[in-house]
Structures are given as structure tokens and as C-alpha cells.
Amino acid sequence: MRYSTGLCLAFSPSISSFAPSNPRIIQPATSTRIYAYGKGSEIWPECNEEPIGLSASFPGGVIPQPAKDLLDSSDPTVSQSATSQTTSAVDALAETSSIPTRGRKRRAVRRTLSHLLQSAARASTRRARSMEENEAVQTYGVPPPAIDKGPAILALALLGTKCVPVKHIAAVVGMSVYFVGLASWCAAPKVGSTDYQPIVNMPSLPSKGHVPNLITNPLGASLTNSSVYRTWQRVGALLGLLLPTVVLAQLTLGSKLPAVMTMANWINIGNVGDVKRIVGGPMFLLCFQALTEAVARTALLPLPIRILIPVSYNTLRLSSLQSWAFPSVPSMIPTSLQVLGVANLVYWYANLFFFLVPVGVMQYLRAHFFCVEATEVTVRKGGEGSVGLL
């Protein structure tokens, strides 16, 4: 059985049916008007030079035997019986082959669907995270700062070992409520504010335009990257966190492990519980100060509120350091531990009156005015460093 070239001519009406109804739309580049797919156009592509046989429709050009029997038979009943036999044989082969592989196919489909769903969930999470980071980059100019879990873990450890006086816990709760109230007031709309033009009591970002880097680092890169600033921060961490943590660890483990107390010969304390609370109170306040500052940065609180947090906690910590450096009963605290208290008291006094108030407060207030409140600021020549622009 062979196919003639008439197959190509059979498709000519379908091609001509797509011809444009208005011949003026398609015009040739030459002066002779011969339209594509118009009346009298030739068939393209050209027909095959040789006839196409039935074997070209099968893999390898081999015609199956049932098809040969059907073609060779001239009796219609034989043709029908051959067709039915072929169909039944194919169905039986399909059923036989599907029985052992049906379970494997189902498991493969389930695994594929589970993999696709998990991949979609991970992709959705990555897209949501990237969108949040892009929004933060557009707002901050840098990726959002992550909240360090170290201060929270240390504060919980101090509470668990009973190293925090009740008055310090009450002070932390009161300060937290105070700052939450300030944040709510800053975000509250003013009288006359509308949904189209919202006006809050104290905005934290400019209403329009690019957010400058001074919002992210109000102290200025020249100060925060200096060796003096980094050394000052390291000294504060050593005096306020590292050394008191070592002392509290020895006092806490010494009550349970006498060998630790014998190793620390410099500790000769009668009432260990009182000393633990005297040393642990300032550490607890410092941990909550760091945690509150991290939350304030992440929540995009206004700069005046953000600088108020270290000033308030530093001032509150001075009273507890006073009891540590100069106790009511001098014999209650060893001399070496009292020296550490005096060093902490001197450092945090200097941090408040020589850094936070004259440098930190002024830089934060200037950055808030320049970047948020004012629309245009002109800095005098040579004043870029004092306003934190360098």
C-alpha cells in the first residue's frame, strides 16, 4: 500500500484558507503583484519526489505481522478477526506488564509529587525571604541586622541561677513598657492625618526618596571603624560581661562542686547568694540593653528613641555598680572582686558622660533631623565629620 503525491494536494485548501481577505495588506517588493498564498499560487514546500510507503510509519521500517495479515487478507471477516486478535493480544500484554509495575509506578508518582511540593515550598520560602531582604535593602541600604541571641540566653541563665535581684527585674519590666509606649506614640498618626497622606508623631524614615546610610549608622563610618572606638567597646565587654561571667560561674559551680571553690583561692565569701546578686544585677541590665537595642533597630524605631535606650540603661546600671564597688559591709566582697566593681563603675561613668551624651546623643539627633525631618541641609565646609557624614 503506497501513498501518492495527492496527499500534498489535499492540503492545499487549508493553506489557502489562511490567505488574507484583503490583498492590499500584503504587497511584494517588486512591481509584479504576486501575493503569497493567493489564487494561483504554488504549493510550498514541494511534494516528495518518491512515494511514501507504510513502512515509513513504523520504527526501523518494519511492518508488524498483524498489520501485514490485515493488508494481505481480502476477506473482511478475516480482517475483523485479525484486528480483534491483535487488539486482545495488545491488551493482554499491557495488563500483564502493568501488574508487577503498578505498585512501583504509584510509589514513583508519590515520590515525584512529594518532591515537587517540597521544592515549591522551599522556593516560596526563598522568594518570601528575598522579598523581605530586598525591602530591607531598599529601606536600610544594607541587609537587615539580625538579632543576636547571646544576650537573651545570658539573661535567662542569670535568672535561672538566681543572680538577679527582684528590683532589677522590676526595672527591666518598667523600662520595656516605657519604650513600647514610646514606640506606639511615635507610630500613632497626628490629628489631620489621612490614609493618602499619613503623618505620624515621630517618623523614623523619610517620607519619600532614598534613605541615606546615616540612618543605618548615625555615628558615622569614620568613628565606628576607628581603632579607638573598637578598643573602647572591647574594654566594656571585658569589664561588663566576660570577667563577671567568670566570677559568677565560679561562685555558682563552687556551691555544688567544692573542687572549683578550692581552685579559686581568691574567693573567700561568706554569703555567696548576696554576692551573686550584686555581680549579676549589672550584667542582667546590660544584657537587656543589648537586646532592646537590637529590637529597636529591627523595628525601625526613630533615632531619638534608639539613643535613649543605652542612655537610660547606663544611668540605671550606675546605682547597682555603686553597691558593687562600695558595699555597705566592706568585708562582704573580696578586695579583688571589689576592684573589678570599681573598674566597671569608672568605665560606665566615662561611657555615659564622655561618649553617649556628648557624642552619641548629638550624632543621633543630627542624623534624625538631617535625614528625616529636614528636606534639604547644607553643611559648611569641614563640618562633614562632626555630623557623621564621614
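The values are calculated or read from the model by the stated rules, or taken from the named source; none is laboratory data. Model, not experiment: these values are computed from the prediction. No Cβ is skipped: glycine too gets one built from the backbone with ideal geometry, and neighbour counts run over all protein chains shown. Each accessible area value is taken on the protein alone, full model and side chains, heavy atoms only, with ligands, DNA and RNA left out. Shrake-Rupley method; radii C 1.70, N 1.55, O 1.52, S 1.80 Å.
Do you know which of the residues in segment 315-342 that are part of a loop (DSSP other than H, G, I, E, B) and not polar (S, T, N, Q) is surrounded by the fewest Cβ atoms within 10 Å (Cβ to Cβ)? Among residues in segment 315-342 that are part of a loop (DSSP other than H, G, I, E, B) and not polar (S, T, N, Q), the one surrounded by the fewest Cβ atoms within 10 Å (Cβ to Cβ) is Val329. Criterion applied to Arg380, Arg366 was being at negative phi, open to solvent by 60 Å² or more (accessible area, probe 1.4 Å), basic (Lys, Arg) and free of Cβ contacts under 8 Å to residues at least 12 places away in the same chain, and the one residue passing it is Arg380. For Leu345, the conditions (1) open to solvent by 20 Å² or more (accessible area, probe 1.4 Å); (2) part of a helix (DSSP H, G or I); (3) modelled with pLDDT of 90 or more all hold with the exception of (1). Residues in segment 212-242 that are touching a helix residue (DSSP H, G or I) at 6+ places or on another chain (Cβ under 6 Å) and β-branched (Val, Ile, Thr): Ile215, Thr216. On the stretch given as segment 185-205, residues that are part of a strand (DSSP E or B) and either among the hydrophobic types (A, V, I, L, M, F, W, C) or open to solvent by less than 40 Å² (accessible area, probe 1.4 Å) (or both) total 1.
Scanning segment 162-184 for residues that are closer than 30 Å to Asp274 by Cβ and loosely packed, with under 15 Cβ neighbours inside 10 Å turns up Lys162, Val166, Lys167, Ile169, Ala170, Val173, Gly174, Ser176, Val177, Tyr178. Considering Leu214, Leu182, Leu154, the condition of being more than 16 Å from Leu308 (Cα to Cα), out of contact with any strand residue (DSSP E or B) (no Cβ under 8 Å at 6 or more places or on another chain), in a helix (DSSP H, G or I) and not charged (D, E, K, R) is satisfied by Leu154 alone.
From the list Ser319, Ser312, Ser331, Ser323, the lone residue that is out of contact with any strand residue (DSSP E or B) (no Cβ under 6 Å at 6 or more places or on another chain) and more than 26 Å from Val173 (Cβ to Cβ) is Ser331.
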